[in-house]
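The values are calculated or read from the model by the stated rules, or taken from the named source; none is laboratory data. This is a predicted model, so every value here is computed, not measured. For neighbour counting, all protein chains shown are included, and Cβ atoms are generated from backbone atoms with ideal geometry for every residue, glycine included.
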Amino acid sequence: MFGRFAVMVALLLLGDGAMTSTPQPPAREAAASPQAAAPRSPRNASYAITARLDPGSRTITGDEILTWRNTSNAATSTLRFHLYFNAWRNSESTWLRERRLSGRLSEEPRISDWGWIDVTTIRVIGTDSAAGDLTKRMRFVARDDGNTADRTVMEVPLDRAVAPGETINVQIAWSSRVPRPFARTGVIGNYYFLGQWFPKIGVLENDGWNCHQFHATTEFFADFGVYDVRLTVPRGWIVGATGSERDRRDEADGTTTHHYYEEDVHDFAWTTSPDFVERRATFEHSTLPPVQLRLLLQKEHTRQADRHFEAARAALKYYGEWFGAYPYGHLTIVDPVWQSNTDGMEYPTLITAGTSWLMPDRAEDPEDVTVHEAGHQFWYGIVATNEFEDAWMDEGINTFATARVMQEQFAPIYMVRWYFGGFLPWVFRDFPRSREVEGDRLTTYRLGAKGDTPSTPSWRYWPGTAGSITYDKTALWMHTLERMLGWETVRRILSTYFTRFAFKHPKPQDFFDIANEVSGQDLTWFFDQVYRSSNVFDYGVDSLQSVSESFEGFGDKPSSGGTPRVELRQVSYHTRVVVRRYGEGIFPVDVRVVFEDKEEARWHWDGKDRWTMFQVDKPVRAAYAEVDPDHVLLLDVRQTNNSTTLAPQADRAARKWSLAWLIWLQDQLLTFGFFV
Amino acid sequence: MSVTAAFREGLRRVNGAPALLAGTFALTLMVSLPLAYALHGMIAEHLGASLAADAAASGTNPAWWREFLAQATGLGTTFIPSIVGFGAVLNNLSDFMDRTRPAATIIGVTAAWLVVWSFLTGGIIDRLARARRTRSQGFFSACGLHFWRLLRLGIIALIAYGILFTYLHAWIFDDVYGALTRNVTVERTAFGIRLAGYAIFGALLCLCNIIFDYARIRLIVEDRRSAIGALLAGGRFVLRHAMQVLGLYALNALAFLVLVTLYALVVPGAPRSGFAMGAVLALGELYILGRHYLKLLFYASQTVFFQGALAHAAYTAAPVPVWPDSPAAEMIANADPTGEL
């Protein structure tokens, strides 16, 4: 509680009135920080938090002083806060309802699993206590779905509206019970991972509060600020958190208070456990700033420490070179415990990876998940898009970039299957992971391709296929864009977007505008297809014919004089290819016919009609025809029909694979032969 | 008779019955081929005249494979990458121990195979017990003679295994394992618990299997008509010779592990094309042949052990065998008067 008192005294000494138009950092360190003079972000939602974890009761008691500035162009007479832990307060929360719909709720929560957060007091600092105390005015709102059982958004009416540009300081005390980790946050055993754990103000936009309920398939959105956080945990427990540790103090009651601080971030997460193994490394680069890497690892994964560091370095290197530098100077990687449901998550300067005890070399993880989450520092952390509404802008773009890094740095990677309860891996070296199919996730996109239109607010996506649209479709159309425009152009689009919208909240149109500007093309048609519709692409070769048309007889001798006629024998092949658009999606494609002499004929088709035909006469027979021969359109859900050959090998392939399958079946029968 | 002697004699008897090996191998192949042919049609139809077939024919084409699976139904859904190389073995053993339900078509063909195999079991054990040629007439006479008895025993076995797989498996791996690992945060610990579960379940499964093995042997060798009587007799035999019976079972299980390990070491993965493809497929069939051999070895060595342990084998007066008399009668007739059998 000393920390809380100190923060309040500091604020009062600084003459921080209840309503002031001067932005005010929340803590002493902020004023002393050299970086405070040049904030990267608007810093309009800063927090000074003190929190105490009691593992015995699985509770956190905390309080915070929020310094919030109204950056919208309208006054507001209410404040709205996210109380994310209440997603696991009861069985009818919106999160749990949606989770059930998605089919991903493996079992109903048990009584010991529930978690919640209760705000005990909320008051505006600087007014007299009676007027400033807003505790009794708290109410829960559910603007997304009207679910009265959902308590993940709290609204508090103010005495007086906060004008544009005006700053308010609000003190909030709360207590919470940490849930079993349903997703991203919670406790299991001695492992605590705490994200979305404190009362957090929504984002006030010009048209009102953007403060969605907690949904099962989407993540978060918040304003930037300075976080000055003191965390009290049992002595000896290791803590990892957003930012860097400023100091540490042992308390008389056998606890230790860890003081973390970070500027220009929009969230704060932390973890603690007595069982972490700590490793450190550094990322160094000739043109990028160094980054101190801290890895909090499980004992059973210690041999994989270097794999985590190498992946984090790869993300910082490639994202840094391609898009822009990582500015924070430190990154904490948390290797979560088994079955914690907290793997693969991103928070500012803190990520969770995820691996298995027997994870083989050349498997996808932990490299892929580490690159992806480290990559979120750029697409989410720095370019802070609204994950409730436009989840594709961080998840999709980041999936695209992750796949690219994985190909650059870690290929070849092979398919791994897990047996005997999911514990024993087997590497299938005949199945290398491809950037397009596994990296951009064509396989899962194919299954949910029509699930939703990406321009629909993400939280309204059908829970069962939200991931396909958010991650997979975006990665595929970004990669398609790369093949249309070239990597250098797409890289410049992304780096321009990164530079312009670092520490801001861009909207989809901002990205589209930059894509048009940098490419020098109007790509509206493309975004109409991939973003504003749920159309599925499927082009195919319907038929290929190459028929000989011999010409025999006598013709005039070309040279003058002599015999007037000469015997002719010409054979030419009339080749005709019919290509069709089976899907609703429209995309211009090339059509190619390759002849037996390796010569080729190529046509460009705008792809609008349902079918078209191309014909050519050549002295040699066609060998095969392809639509989209350069595989530009990666969203094509059926690529097997993209080609037709006049020397089909299907029977040979089918014979081989059915015989291979036969061995599996025979082995299966003999396994069941155990019974007789 | 010692366990190793029974095992060695079992080897000798299986080696002396190549027709049995060829016949059982042919049976499994014949039951499997129609489904493989059906799958061939599905694959060929999906590939059509596509260039994707070229890559699939000369190596693997993972992109096409995933597209195939996305549209596959029924039998096609079993054509998963896990069928490649040693993955096939792991996949089947893992599915067996984890009680993963196979596709409906596979269940159907497996059931048919089990029934046909049960029919043949009478002839197989009879042949192995006599340790001499019985010719096809004798073989199939024994098959017919014992089939309904074996079927009755099979129904009892089905109930017993059904209880094990339905209730015991669920109890061990859902209830107990779930409860023990719910708050476990160390994967190694959870794996250890799962291994313990496999050990307990596997032990009970094997015990059940051993009793039914000897029930089957007594049913055939002693020409018993009652399946229940044979089961009780089998149980008594196992109880009285527990250590040897378990030892022999372990020796056979070890032989299976050796075969599986060898296959894991030599199988190169997916078939390519040409000679390499043929070699991989031949290696796979060789492994399947090996599994049949070991299956017969199980029967043979257990039969030999049972015959060797017959209390009355050496000193009962030999009756005149009237063929087809029971193998036990024949054995008694041929018994070594010194009693050293």
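Can you pull out the strands (runs of 3 or more DSSP E) entirely within the stretch A:577-676 that have at least 2 residues that are within 30 Å of B:Ser82 (Cβ to Cβ)?
Fully inside the stretch A:577-676 and qualifying: A:643-645.
Would the stretch A:636-658 turn up any residue that is out of contact with any helix residue (DSSP H, G or I) (no Cβ under 6 Å at 6 or more places or on another chain), over 30 Å from B:Lys295 (Cα atoms), surrounded by 22 or more Cβ atoms within 10 Å (Cβ to Cβ) and more than 8 Å from every other protein chain (Cβ to nearest Cβ)?
Yes, some residue in the stretch A:636-658 is out of contact with any helix residue (DSSP H, G or I) (no Cβ under 6 Å at 6 or more places or on another chain), over 30 Å from B:Lys295 (Cα atoms), surrounded by 22 or more Cβ atoms within 10 Å (Cβ to Cβ) and more than 8 Å from every other protein chain (Cβ to nearest Cβ).
Pairs under 6 Å by beta carbon, first residue in contact (Cβ under 8 Å) with a residue 40 or more places away in the chain in the stretch A:407-423, partner in a loop (DSSP other than H, G, I, E, B), six or more apart or different chains?
Taking only residues 6 or more apart or on different chains, the pairs are A:Ile413/A:Arg362; A:Ile413/A:Glu364; A:Ile413/A:Arg433; A:Tyr414/A:Arg362; A:Val416/A:Ala363.
What number of residues within the stretch B:158-176 satisfy the criterion of being small (Gly, Ala, Ser) and away from every other protein chain (no Cβ under 12 Å)?
1
I'm trying to understand the selection: among the residues of the stretch A:615-634, which are within 13 Å of another protein chain (Cβ to nearest Cβ), of a type in the set (A, V, I, L, M) and more than 22 Å from A:Val547 (Cβ to Cβ)?
Within the stretch A:615-634, just A:Leu634 meets the criteria.
Taking A:Ala660, is it farther than 30 Å from B:Phe298 by Cα and modelled with pLDDT of 95 or more?
For A:Ala660, the condition - farther than 30 Å from B:Phe298 by Cα and modelled with pLDDT of 95 or more - is not met.
So which residues in the stretch A:501-517 are crowded, with 16+ Cβ neighbours inside 10 Å and in a loop (DSSP other than H, G, I, E, B)?
A:Ala502, A:Phe503, A:His505, A:Pro506
If A:Gln298 passes every condition in (1) in contact with a Leu (Cβ under 9 Å, 6 or more places away or on another chain); (2) within 14 Å of chain B (Cβ to nearest Cβ) but one, which one does it miss?
Unmet condition: (1).
Restricting to the stretch B:1-27, name every residue that is within 16 Å of B:Arg291 (Cα to Cα) and in a loop (DSSP other than H, G, I, E, B).
B:Ala17
State yes or no: is A:Glu346 surrounded by 24 or more Cβ atoms within 10 Å (Cβ to Cβ), in contact (Cβ under 8 Å) with a residue 60 or more places away in the chain, among the charged types (D, E, K, R) and in contact with a helix residue (DSSP H, G or I) (Cβ under 7 Å, 6 or more places away or on another chain)?
no
Working only within the stretch B:91-113, note down all residues that are surrounded by fewer than 19 Cβ atoms within 10 Å (Cβ to Cβ), facing chain A (nearest Cβ under 8 Å) and within 22 Å of B:Leu153 (Cβ to Cβ).
B:Phe96
Taking B:Gly235 as meeting all but one of (1) assigned to a loop (DSSP other than H, G, I, E, B); (2) away from chain A (no Cβ under 13 Å); (3) modelled with pLDDT of 95 or more, write down the number of the exception.
Of everything listed in (1) assigned to a loop (DSSP other than H, G, I, E, B); (2) away from chain A (no Cβ under 13 Å); (3) modelled with pLDDT of 95 or more, B:Gly235 misses just condition (1).
Out of all the residues in the stretch A:304-351, which are within 14 Å of another protein chain (Cβ to nearest Cβ) and hydroxyl-bearing (Ser, Thr, Tyr)?
A:Ser340, A:Thr342
Of all residues in the stretch B:38-67 being more than 7 Å from every other protein chain (Cβ to nearest Cβ) and part of a helix (DSSP H, G or I), which is farthest from A:Tyr624 (Cα to Cα)?
B:Ala38
Determine, yes or no, whether A:Asp590 is modelled with pLDDT of 95 or more, of a type outside the set (Lys, Arg) and touching a strand residue (DSSP E or B) at 6+ places or on another chain (Cβ under 7 Å).
Criteria met by A:Asp590.
Within the stretch A:485-530, which residues are within 20 Å of the chain's Cα centre (by Cα) and at positive phi?
Answer for the stretch A:485-530, where residues must be within 20 Å of the chain's Cα centre (by Cα) and at positive phi: just A:Phe503.
What number of residues in the stretch A:418-451 are assigned to a loop (DSSP other than H, G, I, E, B), more than 7 Å from every other protein chain (Cβ to nearest Cβ) and touching a Ser or Thr at 6+ places or on another chain (Cβ under 6 Å)?
Within the stretch A:418-451, residues that are assigned to a loop (DSSP other than H, G, I, E, B), more than 7 Å from every other protein chain (Cβ to nearest Cβ) and touching a Ser or Thr at 6+ places or on another chain (Cβ under 6 Å) number 3.
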